[in-house]
Amino acid sequence: MSTTVTAQRRRAALFTAFFVTGLCMATWVSRTPAIRDAIDASTAQMGLIIAGLSVGSMVGISVTGTLVARRGARFVVLCGMAAVVVGVAVVAVGTATAHGWLVATGLAFFGYGMGSGEIGQNVEGVDVEQALGKTVVPSLHGCYSLGVGVGGLGGLAATTGGISVVAHLAAVAVVTAAASSWLVANLASAVGQEAGSSYERASVRGSVTAFLSVWTERRTLAIGIIVLGMALAEGSANDWLPLIMVDGFSLSAATASLVYAFFGLSMAIGRFSGGYFLDRFGRAPVMVASAVLAVLGIATVSFAPTATLGAVGVFFWGIGASLGFPVALSAAGDDPVGAARRVSAVAAAGYTAFLVGPPILGVVGEHVGLRSAIVLVLVMVIVSAFFSRAVSKPAAEGKNHVEDAPAQFH
């Protein structure tokens with residue numbers, strides 16, 4: 001375990017990693033109306049293009065558990081941040097050349113970097129959390145949300161200032177590359193590495209089998225169901241909120257970017273304040289309250305008669321969705337033995353929502369409108385709330401034993 005000083009430096013590096021990733025995501029999302037127009041894509045086609053982000057993420061997380069165990073979390077974060085930079089640059093090129101397939105390819109690189117990098121960052125985060133003796137992971141994700149908020153405001157400024165999408169994306173790629181070179185140097189090299197473990201001897205087939213084996217643990221399965229619904233709540237806003245505000249409330253692209261930044265701000269508020277509530281009330285009660293707020297927010301956006309009321313719904317949507325993913329990942333890493341494997345598996349459930357959600361919402365939205373389509377998200381959040389007990393911390397005597405986890409749930 002690292003010393004407190006080292007843990008604080010690593011926490012600062014992780015704050016930076018999450019922030020620039022959120023900045024990149026918001027830059028893409030806030031410019032989706034302009035990118036859609038540049039490549040002349042329909043709503044359904046945009047759903048398929050956005051799916052490139054989720055496909056890349058799924059590829060990343062499917063191999064990252066093994067990579068963390070073999071090479072350590074820092075190596076995975078390094079590769080992930082490099083992929084994010086490349087992905088943003090390729091999206092810029094695809095927009096400049098009006099090639100939707102190239103935009104999708106860039107999103108796949110971006111998704112790979114987000115998916116794999118996030119696993120490494122969360123494994124590092126759980127280790128820092130244990131070193132400091134207090135809740136840290138939600139605040140790390142809060143930095144991602146802060147990056148989303150800043151990126152959304154940047155998108156608003158770029159849109160109203162007439163800055164081209166290509167120039168905007170290129171500038172963000174340069175900033176991310178510079179930040180990445182600093183943050184990687186301030187991460188511990190061996191966190192998550194399992195020297196002499198079966199990972200080092202495993203074949204590709206064996207690695208996949210090990211990755212899938214965690215789903216035989218009832219606790220991990222329940223956490224996966226939670227993250228499936230809560231990640232869909234977060235991801236659907238990331239993918240579609242600007243277009244919901246443009247198409248559903250007849251707002252301008254600039255105003256829609258502002259609403260999206262407001263969503264990022266609400267997510268940041270929920271995540272930065274979440275540590276207090278989690279330490280005071282426990283994970284399960286907070287997860288239930290989060291689901292209730294998310295349902296309230298999504299329902300308001302879906303049925304609100306005015307854009308102002310819809311914006312209020314966006315706030316509750318962001319607050320409610322803010323803690324689902326980070327708390328689930330933190331819970332998956334409770335047992336340090338096999339933490340990378342479980343965090344990878346739970347993240348896979350989340351990115352499955354990101355993969356399936358965009359095209360389904362796009363196709364449904366093509367027929368009934370995006371505001372009506374997000375009712376599907378609302379239903380999934382309700383389902384996830386019934387499994388909230390799964391994120392409770394295991395009893396001290398059983399937390400280091402995988403076989404004891406099923407006994408926590410009946």
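May I ask you to give the solvent-accessible area per residue for the chain, in square angstrom, as obtained with a 1.4 angstrom probe?
37 Å²
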Could you state the number of Å between the C-alpha centres of segment 350-374 and segment 1-70? 19 Å
From the list (i) 26.2; (ii) 17.9; (iii) 20.3, can you say which value of mean projected area of the Cα convex hull in nm² was derived from the structure given? (ii)
Please build a GNM for the chain, connecting alpha carbons under 10 Å apart, and tell me which residue among Ser213, Ser30, Ser330 fluctuates the most. Ser213
For the chain, what is the calculated [θ] at 222 nm in deg cm²/dmol (nearest 500), taking -39500 (n - 2.57) for each run of four or more DSSP H residues and dividing by its residue count? -27000 deg cm²/dmol
Relative contact order of the chain, pairs being alpha-carbon contacts under 8 Å that are 6 or more residues apart, as %: 25 percent
Relative to the chain, whose Cα atoms define the longest principal axis, helix 73-97 and its Cα axis are tilted in degrees, nearest 10, by 10 degrees
Where the centre of each part is set by its Cα atoms, how far does segment 88-104 sit from segment 282-344, in angstrom? 31 Å
If packing is taken as the average number of other Cβ atoms within 10 Å across a peptide's residues, how do 222-229, 53-60 rank, most packed first? 222-229, 53-60
Across Asn238, Asn186, Asn122, the residue with the highest GNM fluctuation in the chain (Cα network, 10 Å cutoff) is Asn186
Out of Pro138, Pro285, Pro305, a Gaussian network model of the chain with alpha-carbon springs under 10 Å gives the largest mean-square fluctuation to Pro305
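The values are calculated or read from the model by the stated rules, or taken from the named source; none is laboratory data. This structure is a prediction, so every number in the text was calculated from the model and none was measured. Using ideal geometry, Cβ is built from the backbone for each residue, glycine included, and neighbour counts are taken over all protein chains shown. To get the accessible areas, we keep the full protein, side chains included, count just its heavy atoms, and leave off ligands, DNA and RNA. Shrake-Rupley method; radii C 1.70, N 1.55, O 1.52, S 1.80 Å.
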